[in-house]
Amino acid sequence: AASTLRGATVKDGKGTITLADYGTDKNFGTGIYILTFDAIAEGDATVTMTEAAFINKEGAVSSDLIPATINPAAVNLTIGKKQHAVEIPEGDDVSGNTTVEDDGSYTLTITPNPGYDYTVSATMDGTDLGTLTAVEVDGKLTYTIENVSGALQFTITRTPKTFNVTFTGTAANDFTAATATYNTDYVLTLPTDTGYSYEVAGVTIGGVTSNAYTIADGKCTIMGSAIIGDIVITMNYKTSNVTIEGSAGDVTGNDSAEIGKDYTLTIIPEAGYDYTVTATMGGEVVQVINNGDNTYTVKNVTGELVFSIEKTVNTDGVTLSQYV
C-alpha cells in the first residue's frame, strides 16, 4: 500500500516479485518509483531489479513495452531491530545508551553522589511510566525498563541529604546538636556570652577526618560540598600554659589553664614550712587567692600563668639559743 504502484497486480513467486499495472496514466512526479517492504527478520538482504519496462500507449500489449535502463540493479540492505531514541538528563553521575532496540530492555545507571537522594521517573512515547525502582549493583543504582516499544525520556531528581551535627570535647556541653545539608555551608557561631574562649580541635564527616572548614570572625564554616555524612565537631575551651617556679615538687595542677575559667593550684605541704604563692598572667602580676586548704586560685584566666612559690622554715614555737 505504501508503494508508488499500489494498485498494481502482484505476482509473488519464490523470492521474485512481479508488478504489472495498466489503465490510467501514472504520474511519478520526481521520476522515482518506490517499493516498500516490511522487515520480518534480522540479517543482510539484497533487492535486485531484474527487468523494468513501460509504455504510455493506449491498448498496448506486452510486445509494445520499452525496456528501461536499470542502474544500479541491486541494493544491499542490513536489517536490524527498530531502534528507539533515549533521552537522559546530563550529569557526571548518569550513564546509559542513547538508543534501545524495539522490544528490548533498557538500563539507566547512576553512580550516586553520597550527598544526594535520587528519584528517577520515565515516559515511553509520552506515556508516564511512573517512579522507577532502583537496584543497587556494586555501589551503583540501576533502573531497568523491559519490553521497550517507544522513545524513552528519563527525569532525575536529586534531593540533597540532611545529616546530624554533634559535638565532643571539653566544651561540648556548650553547644547544641543540629543538622547540616549537602551543598549548603554549615556555619557554627562560637558563643561570646559564656565567658569562655573556644577552639575547634577537629572535624569528622562520615567518620573521616576533614579539613573542609574555615574559622574566621568567630565562626566555623564547613563547606557544603564536603557534607556527605554525619558531622562531629570537637570543641575545646582555649587554654594557656601554666609554669611553676620554685618548689615545683610540692605542688599539683594541670600544666595548662582553660581560658575564661578559674585555675586552682594545690600545694602538698611539707611539715615545718610555710608557703608564699604569687603569680603573673600574661606577664602582669595577678591576684592569687589563698583558699586556706593548701589551694590557690587565679580567677578568669586570660593568658599564660607563671606561679612563683617561696618555701620558708616555720619557726613558730622554736627557741633559739646561742652557745659559745
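The values are calculated or read from the model by the stated rules, or taken from the named source; none is laboratory data. Treat the numbers as computed from the prediction; the structure is a model and nothing was measured. Here the Cβ is made from the backbone with ideal geometry for all residues, glycine too, and neighbour counts use every protein chain on show. With ligands, DNA and RNA removed, areas are computed over all heavy atoms of the protein, side chains included. Shrake-Rupley method; radii C 1.70, N 1.55, O 1.52, S 1.80 Å.
A few notes on this one:
- In the stretch 299-324, residue farthest from THR194 (Cα to Cα) [restricted to those that are assigned to a strand (DSSP E or B) and open to solvent by less than 80 Å² (accessible area, probe 1.4 Å)]: THR312
- Across the stretch 1-20, the qualifying residues are those that are within 20 Å of THR69 (Cβ to Cβ) and modelled with pLDDT under 85, and the one among them that is least open to solvent (accessible area, probe 1.4 Å) is LEU5.
- Verdict on MET281 being open to solvent by 70 Å² or more (accessible area, probe 1.4 Å) and without any contact (Cβ under 8 Å) to a residue 60 or more places away in the chain: no
- Sole exception among (1) in a loop (DSSP other than H, G, I, E, B); (2) modelled with pLDDT of 85 or more; (3) open to solvent by 80 Å² or more (accessible area, probe 1.4 Å) for ASP38, by number: (2)
- GLY253 open to solvent by less than 60 Å² (accessible area, probe 1.4 Å) and more than 30 Å from ALA177 (Cα to Cα): yes
- All of SER240, SER210, SER225 fail the test of being surrounded by 17 or more Cβ atoms within 10 Å (Cβ to Cβ), under 29 Å from the mean Cα position of the chain (by Cα) and among the polar types (S, T, N, Q), apart from SER210.
- Of all the listed residues (ALA201, ALA171), the sole one being at pLDDT below 95, under 27 Å from SER240 (Cα atoms), surrounded by fewer than 18 Cβ atoms within 10 Å (Cβ to Cβ) and aliphatic (A, V, I, L, M) is ALA201.
- Residue in the stretch 290-302 that is of a type in the set (Lys, Arg) and touching a residue at least 60 places away in the same chain (Cβ under 8 Å) present: no
- Candidate set: the stretch 56-83, residues that are touching a Ser or Thr at 6+ places or on another chain (Cβ under 9 Å), of a type in the set (A, V, I, L, M) and open to solvent by 60 Å² or more (accessible area, probe 1.4 Å); chosen: the one farthest from SER105 (Cα to Cα): VAL75
- Flag for GLY246 being touching a residue at least 24 places away in the same chain (Cβ under 8 Å) and either closer than 23 Å to THR179 by Cβ or open to solvent by 40 Å² or more (accessible area, probe 1.4 Å) (or both): yes
- Screening the stretch 110-129 for residues that are among the β-branched types (Val, Ile, Thr) and touching a Leu at 6+ places or on another chain (Cβ under 7 Å) and picking the one that is surrounded by the most Cβ atoms within 10 Å (Cβ to Cβ) gives ILE110.
- Here TYR296 does not fit the description of being more than 30 Å from SER210 (Cα to Cα), out of contact with any helix residue (DSSP H, G or I) (no Cβ under 6 Å at 6 or more places or on another chain), among the aromatic types (Phe, Trp, Tyr) and open to solvent by 50 Å² or more (accessible area, probe 1.4 Å).
- Residue in the stretch 148-168 that is under 30 Å from THR194 (Cα atoms), of a type outside the set (D, E, K, R) and free of Cβ contacts under 8 Å to residues at least 40 places away in the same chain present: yes
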